[in-house]
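The values are calculated or read from the model by the stated rules, or taken from the named source; none is laboratory data. Only a predicted model underlies this, so the values are computations on that prediction, with no experimental measurement involved. Every residue, glycine as well, gets a Cβ built from its backbone with ideal geometry; the counts of neighbours run over all protein chains shown. The protein model used for the area step is the full one, side chains on, heavy atoms only, and it has no ligands, DNA or RNA in it. Shrake-Rupley method; radii C 1.70, N 1.55, O 1.52, S 1.80 Å.
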Amino acid sequence: MNVEEILARLIAFPSVVGTPNSAIVDWICSYCLAAGAEVTVHPGPEGGRSNLFATIGPREGRGYILSGHMDVVPAGEREWSSDPFVLRREGDKLYGRGTSDMKGFLACALAALPKLAGMNLQRPVDLAFSYDEEAGARGVPQLTGHEPLAAVSYGTEAGLYQQAGIDAIICGPGNIDRAHRPNEYIETGELAGCQKMVEDLGKHLAA
């Protein structure tokens, strides 16, 4: 599957914050296992919602964590031009709830996974996909052991990892200004650039 096809599958899951997310977790889990990753699902205390942690490469040593969240904000705005949970392409723009925040990043990481699996990685690449980031990053503490934040900002996940002693970098693809709005979109070139970044990280770790 290419990155656009993966994104279409992810967008089709209406994984709105605070609702059960087993469908999207199960699909990502199956995809990662098929790519050769080791996968662990971490159920949250709320019930019905889980984090997913996948590792490609050696199981020991300090590597890199690609962190993202599977939940999205509701898409009840009347201004949507089409179904927000069906990916729609117009030129080089892909429309749908979560394209920029942040299923576009999840799609890039997943699209790169098969290529990473074929590399002789000397250090691991981990995928840490959480739930309820849009409600104060409630899922991340199940992975880090640190309490969730009281307020939501685009850097909440990074802040929690930083508290846990894991250096964090915030990156795209897309533009956060497009998020939480009707007709949210991401550009195909942004997806391509992000996927290349992940694959280049693999090359660095295989050097």
| query | Got a number for residues in the range 15-33 being surrounded by 23 or more Cβ atoms within 10 Å (Cβ to Cβ) and hydroxyl-bearing (S, T, Y)? | reply | 1
| Which of (1) within 19 Å of G63 (Cα to Cα); (2) open to solvent by 20 Å² or more (accessible area, probe 1.4 Å); (3) touching a helix residue (DSSP H, G or I) at 6+ places or on another chain (Cβ under 6 Å) does L116 not meet, given it meets every other one? | (2)
| message | Looking at the range 71-78, can you tell me whether even one residue there is open to solvent by less than 80 Å² (accessible area, probe 1.4 Å) and within 25 Å of A34 (Cα to Cα)? | response | yes
| query | What's the number of the condition Y185 fails, among (1) open to solvent by less than 20 Å² (accessible area, probe 1.4 Å); (2) in contact with a helix residue (DSSP H, G or I) (Cβ under 6 Å, 6 or more places away or on another chain); (3) at pLDDT 95 or above; (4) at negative phi? | reply | (1)
| Filtering the range 34-59 down to residues that are in contact with a strand residue (DSSP E or B) (Cβ under 9 Å, 6 or more places away or on another chain), over 13 Å from V17 (Cα atoms) and assigned to a loop (DSSP other than H, G, I, E, B), which residue is most open to solvent (accessible area, probe 1.4 Å)? | R59
| said: Could you check the range 158-182 and list, in sequence order, the residues that are modelled with pLDDT under 80, in contact with a strand residue (DSSP E or B) (Cβ under 7 Å, 6 or more places away or on another chain) and open to solvent by 30 Å² or more (accessible area, probe 1.4 Å)? | reply: I166
| request: Determine if the range 145-157 includes at least one residue that is at pLDDT 95 or above, open to solvent by less than 30 Å² (accessible area, probe 1.4 Å) and part of a loop (DSSP other than H, G, I, E, B). | output: no
| task | Of the numbered conditions (1) polar (S, T, N, Q); (2) modelled with pLDDT of 95 or more; (3) buried (at least 16 other Cβ atoms within 10 Å of the Cβ), S81 fails exactly one; give the number of that condition. | result | (3)
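Within the range 120-139, which residues are modelled with pLDDT of 85 or more and either farther than 15 Å from T55 by Cβ or hydroxyl-bearing (S, T, Y) (or both)?
Scanning the range 120-139 gives N120, S130, Y131, D132, E133, E134, A135, R138, G139.
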| said: Please return the ranges of strands (runs of 3 or more DSSP E) entirely within the range 70-133 where 3 or more residues are over 10 Å from the mean Cα position of the chain (by Cα) and free of Cβ contacts under 8 Å to residues at least 12 places away in the same chain. | reply: none
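Give L52, L66 a once-over and let me know the one that is in contact with a Cys (Cβ under 7 Å, 6 or more places away or on another chain) and either of a type in the set (S, T, Y) or within 30 Å of A206 (Cα to Cα) (or both).
Checking each option against the conditions leaves just L52.
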